[in-house]
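The values are calculated or read from the model by the stated rules, or taken from the named source; none is laboratory data. Treat the numbers as computed from the prediction; the structure is a model and nothing was measured. We place every Cβ from the backbone using ideal geometry, glycine too, and count neighbours over all the protein chains shown.
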Amino acid sequence: MASKTDDNGEVLSDINVTPLVDVMLVLLVVMMVTASAVVTKAMSVDLPTGRTGTSTPQSLTVTITEDGNWLLDERPTNAGDLRANLRERRQNGFEPQALIAAAGQARHQSVVEVLDLLREEQVTHVAVGVTPPR
């Protein structure tokens, strides 16, 4: 490998940063393009129907019917019973996770009430159920 020397015969050990800068700029452009594509897909608000979804394990399912009634794991419930169930699960060492399955015609206020209750009980892992189109 050839090395450069100055007038005094000392080896010059400069690092050429131009290729590094080129690579970093290319990576920056790729990340910007990818991020804009991801944000565009994430802003879809076409619920309750979803084209994709993943199965996630949940410890409880809160269903909200069209008339605003709540079901906890397919059994009728209310805010007090849901709180008691969440506290009991936490005392037994389970970190509660919740799936909210609201009917398409359910009032938005009912969903917000369930979300508020879950937040108050420190349930941090919450998913909203959607169904794929036919």
*Filter segment 2-11 for residues that are assigned to a loop (DSSP other than H, G, I, E, B) and not aliphatic (A, V, I, L, M); which is modelled with the lowest pLDDT?*
SER3
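To keep it simple, each residue is scored yes or no on (1) small (Gly, Ala, Ser); (2) in a loop (DSSP other than H, G, I, E, B); (3) surrounded by 18 or more Cβ atoms within 10 Å (Cβ to Cβ).
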| residue | (1), (2), (3) |
| --- | --- |
| GLU95 | no, yes, no |
| GLY104 | yes, yes, no |
| GLU113 | no, no, no |
| ASP116 | no, no, no |
| VAL123 | no, yes, yes |
| VAL126 | no, no, no |
*Would you mention how many residues in segment 84-108 are of a type in the set (S, T, N, Q), in contact (Cβ under 8 Å) with a residue 24 or more places away in the chain and over 16 Å from LEU72 (Cα atoms)?*
1
_Count of residues meeting criterion [surrounded by 10 or more Cβ atoms within 10 Å (Cβ to Cβ) and of a type in the set (Gly, Ala, Ser)] in segment 12-35_ = 1
*Quickly run through segment 12-67 and pick out the residues that are at pLDDT 65 or above, in a loop (DSSP other than H, G, I, E, B) and closer than 17 Å to VAL128 by Cβ.*
SER59, THR65, GLU66
*Just need a number here: residues in segment 82-134 that are within 18 Å of ASP67 (Cβ to Cβ) and in contact with a Pro (Cβ under 6 Å, 6 or more places away or on another chain).*
1
